1. Quantify, in whole percent, the carbon and sulfur part of the accessible surface of the stretch 1-144 (1.4 Å probe; protein heavy atoms only).
2. Would you work out if the stretch 1-90 is rounded, prolate or oblate? Take a ≥ b ≥ c from the square roots of the eigenvalues of the alpha-carbon gyration tensor; rounded if a/c is under 1.5, else prolate when a/b is larger than b/c, oblate otherwise.
3. Taking square-rooted eigenvalues a ≥ b ≥ c of the alpha carbon gyration tensor, is the chain rounded, prolate or oblate, where a/c under 1.5 means rounded and, failing that, a/b exceeding b/c means prolate?
4. With each pseudo-label sitting 7 Å past Cα toward Cβ, what's the residue 26-residue 2 distance in nm, one decimal?
5. Quick one: length gained pulling residue 14 to residue 114 fully straight, 0.36 nm per residue minus the C-alpha distance?
6. Determine ³J(HN,Hα), in whole Hz, for all residues of the stretch 10-21 in sequence, where each value follows from phi through the Karplus function 6.51 cos²θ - 1.76 cosθ + 1.60 and θ = phi - 60°; x replaces Gly and Pro.
7. Compute the separation of the alpha-carbon centres of the stretch 1-56 and the stretch 114-149 and state it in Å as a whole number.
8. Kindly provide the trypsin sites (Lys or Arg not before Pro) of the stretch 1-88 that DSSP labels as loop, not H, G, I, E or B, and whose Cβ sees at most 11 other Cβ atoms within 10 Å.
Amino acid sequence: PARVDGLAGLLATLATGRQVVVFTHDDRLPDACRRLGLPARVIEVTRRPNSVVDVRVATHPAYTYLDDAWGVAKSEKVPDDVVRRVVPGLCRHAVEAACIDVSRRRLLAAGTPHAEVEAALAGQTTFLKQLALALFGDAEKSGDVMSAVNSKWGGRAGDTVMLCNKGAHGVAGSFSGGRAKDLVSDTRALVDNLLDL
């Protein structure tokens, strides 16, 4: 990972006098550019059935998950049971992506070596531990996550954490349509707050 940061810096230096184009399947380079504040335009190219090529400007992975969740939540063609299973899972992935970004940025800024940061990120097996690492820099403080989220961003943010956690396991209860859209909107607000840490 440290080499990727170095590569991102080198490419940014080269880009001051010329155009630099990089093709990669590795998401670490865009992550490094985003974390280091380097000016980079990231474009996703996807090959669809019948060799149809889809090109879109890539956003933060958390917002990509939220865009997908919004598409499912607003679709009138998606059955309610699918909405109930898919939307909370995508919202949880969005929060997890934000937690990874925040944790990596904060731990590296504190001087933690890249290898230790990546090991810490890989070692978090629960949603609340991922949030604890992002919020406190310590995954073992997972018991303090809900009170911290509620005090920082309000009860609605706490409810969102609970729905993302339970809903991803299929135990969020019954919701569809407007409630699914509300979950996506509330998750977007939570992701915004996390990324501002």
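1. It is 54 percent, rounded to a whole number.
2. Prolate.
3. Since a/c reaches 1.5 but b/c is at least a/b, the shape of the chain is classed as oblate.
4. For residue 26 paired with residue 2, the spin-label model returns 1.6 nm.
5. Extra length available between residue 14 and residue 114 comes to 33.6 nm.
6. Once θ is set to phi - 60°, the couplings for the stretch 10-21 become 5, 5, 5, 5, 4, 6, 5, x, 7, 7, 10, 10 Hz.
7. 27
8. Those that pass, being in a loop and sparsely packed, are 18, 41, 77.
The values are calculated or read from the model by the stated rules, or taken from the named source; none is laboratory data. Please read all numbers here as calculations on a predicted model, not as lab measurements. A quick note on method: Cβ atoms are made from the backbone with ideal geometry, for glycine too, and the neighbour counts reach across all protein chains shown. Side chains included, ligands, DNA and RNA excluded: accessible areas come from the protein's heavy atoms. Shrake-Rupley method; radii C 1.70, N 1.55, O 1.52, S 1.80 Å.
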